[in-house]
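The values are calculated or read from the model by the stated rules, or taken from the named source; none is laboratory data. No experiment lies behind these values; they were computed from the predicted model shown. With ideal geometry, Cβ positions are generated from the backbone for all residues, glycine too; neighbour counts draw on all protein chains shown.
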């Protein structure tokens, strides 16, 4: 009886966990992401797209981020039309996020085929905080829950996936977004094998934050080997470089990331500026101190609302937005290290583009 009393809750917990996992594995595809009653007319949107192209025409790399969870049914049904919209804004490089290993599917293949037909280069993007192993449940539950794929394992899956594609559809590179600062003691999803946790109290060579950075660099070196000749881009927050410059961590400067695979590595700086002046200042140190030419790409994250106060660029309207983009491009292009700009995400750009 004692055994049954303990077994039943464990079984119920297991079933609940499996159902939860199944729910998380499925992805809701939106039918649309804009209220059509407040949509600008087609001529206005055409002119706006032309204005954006003009604002970014000087950029060698004018990139845009696609997130599957923000794509629509129409995007899936007609990837060629999606690619045409991307080209309409003048984008010449796409960063396609892969939050789940199951996203290496027919949907992605169709998009890559459409991009290949339009000769539009595509990087796949994976995040460090999405691919790691953690302890889940008790000893009875854990064997029934599939292990998560690690970051290097996912990179290897992408290489295999890419090798199976027609040559015209293959990706231009892999972008790995790292975030060791998110592995705090409060983060229940911290990788199970890590002895260290990020904290404001553990800065300094050899302390926890530094060891987490070194752990991240080891992962990136392993991925660089797996990629072979495929270019690697490392996405990093806009504060690691300064932490390393101040001696709080021993690695983390832009040059340290570029040295992972010399000649085929770039850095994607995630700009946290809330307004144009902040966006310039946020990456100024990195651009000025990096000696390698055209090695730093700046990601401009867009706010989905004008009241957002941190971490993403706000805008009042389309005119204000394009003015800011042109200003930022002009400021960053003064630095030899600057390689281009990535707008993230495309869905929010279209929201601004379609507003009345």
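Structure data summary
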item: Within segment 134-152, considering residues that are closer than 22 Å to residue 235 by Cα and either more than 18 Å from the chain's Cα centre (by Cα) or not in a helix (DSSP H, G or I) (or both), the one modelled with the lowest pLDDT; result: 148
item: So residue 285, is it crowded, with 16+ Cβ neighbours inside 10 Å and either touching a strand residue (DSSP E or B) at 6+ places or on another chain (Cβ under 6 Å) or in a loop (DSSP other than H, G, I, E, B) (or both); result: no
item: Matching option when the condition is part of a loop (DSSP other than H, G, I, E, B), within 22 Å of the chain's Cα centre (by Cα) and at pLDDT 95 or above, among 212, 174, 230; result: 230
item: First in segment 61-84 and farther than 23 Å from residue 300 by Cβ, second anywhere and outside any helix (DSSP H, G or I), Cβ under 9 Å, 6 or more apart; result: 73/29; 73/30; 73/31; 73/32; 74/31; 74/32; 76/29; 80/118
item: Any hit, segment 321-338, residues being out of contact with any helix residue (DSSP H, G or I) (no Cβ under 9 Å at 6 or more places or on another chain) and either surrounded by 19 or more Cβ atoms within 10 Å (Cβ to Cβ) or at pLDDT below 95 (or both); result: no
